[in-house]
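Asks: Mind having a look at this structure? Questions to follow.
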Amino acid sequence: MSVIRMAVGDAYGAKEWREGSGLDEVACRTETMDRKTCRAVAEFAFMHAKKTKAKVFGGPKYTVSPVYEGMMKEEMDEAAKRYPGVRYEPQLIDATNALLLNNSGDPMVIPALNRDGDCLSDLVLQMFGTIAGSESILMSFNDNFEPDIVMAEAPHGTAPSLFGKNLANPMAMI
């Protein structure tokens, strides 16, 4: 399974604030993402699925959020048209999580919004033993949606709390 996580925007870095007080207090946040990033995630998901003979499985919860999450679904549907030989099984993110437990054998590529991908990658790794079981590959794309910058992150993540303690194991990536 490959989780293609939109590692920018979405809930991470969202503007947050509170209004009111007492039981009338409300917490708010403004999340954003852009079409170019949605297209890059969708395009790479289908390119990767084609290369690995996998199916593209999953997607955003566009039924609840047709404008915000719908943008990602639109890009996934358009990418599916550009890659007619790639199997495409769009699912809402909550169904994706549930169905992962029943899908076995076929390789899958799962495109996801930032926060969904964060949770999903931990779930997938735990299915195979541990949430620290695999490195992340961080990618930046050029205007043709080809990888421009690629950086690997160790299985333990950036682990700033381990800095200077000689506990992190960057060799675990190998």
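The values are calculated or read from the model by the stated rules, or taken from the named source; none is laboratory data. Model, not experiment: these values are computed from the prediction. Because the Cβ atoms are built from the backbone with ideal geometry, glycine has one as well, and the counts that use them run over all protein chains shown. Note: areas computed on protein heavy atoms with side chains; ligands, DNA, RNA excluded. Shrake-Rupley method; radii C 1.70, N 1.55, O 1.52, S 1.80 Å.
Asks: Would you confirm, using the coordinates I've provided, whether residue 7 is over 23 Å from residue 108 (Cβ atoms), not in a helix (DSSP H, G or I) and not charged (D, E, K, R)? Give the derivation first.
Replies: Values: over 23 Å from residue 108 (Cβ atoms): no; not in a helix (DSSP H, G or I): yes; not charged (D, E, K, R): yes.
When the stated conditions are applied, residue 7 does not pass them.
Asks: Identify all residues within segment 65-77 that are under 18 Å from the mean Cα position of the chain (by Cα) and free of Cβ contacts under 8 Å to residues at least 40 places away in the same chain; write none if there are none.
Replies: Passing the criteria: 65, 68, 70, 71, 73, 74, 76, 77.
Asks: Based on what the data block shows, is residue 18 outside any helix (DSSP H, G or I), in contact with an Asp or Glu (Cβ under 8 Å, 6 or more places away or on another chain) and at pLDDT 95 or above?
Replies: It is true that residue 18 is outside any helix (DSSP H, G or I), in contact with an Asp or Glu (Cβ under 8 Å, 6 or more places away or on another chain) and at pLDDT 95 or above.
Asks: Of all residues being of a type in the set (Val, Ile, Thr) and assigned to a helix (DSSP H, G or I) in segment 90-138, which is modelled with the highest pLDDT? Just the residue, please.
Replies: Within segment 90-138, the match that is modelled with the highest pLDDT is 93.
Asks: Has segment 15-31 got at least one residue that is under 13 Å from the mean Cα position of the chain (by Cα) and either open to solvent by 80 Å² or more (accessible area, probe 1.4 Å) or not charged (D, E, K, R) (or both)? Give the steps one after another, and end with the answer.
Replies: Start the filter on segment 15-31 by keeping residues that are under 13 Å from the mean Cα position of the chain (by Cα), which leaves none.
No, segment 15-31 contains no residue that is under 13 Å from the mean Cα position of the chain (by Cα) and either open to solvent by 80 Å² or more (accessible area, probe 1.4 Å) or not charged (D, E, K, R) (or both).
Asks: Taking into account only those residues within segment 32-50 that are of a type in the set (Val, Ile, Thr) and not in a strand (DSSP E or B), which is least open to solvent (accessible area, probe 1.4 Å)?
Replies: 41
Asks: Output the qualifying pairs, or none if there are none: Cβ atoms under 7 angstrom, residues six or more apart or on different chains, first residue in segment 22-34 and within 10 Å of residue 10 (Cα to Cα) and β-branched (Val, Ile, Thr), second residue modelled with pLDDT under 95 and open to solvent by 60 Å² or more (accessible area, probe 1.4 Å).
Replies: 30/15
Asks: What are the residues in segment 56-79 that are open to solvent by less than 20 Å² (accessible area, probe 1.4 Å) and not in a loop (DSSP other than H, G, I, E, B), if any?
Replies: Here is the first cut: in segment 56-79, the ones open to solvent by less than 20 Å² (accessible area, probe 1.4 Å) are 56-60, 70, 72, 75-76, 79.
Listed by number, the residues that qualify are 56, 57, 70, 72, 75, 76, 79.
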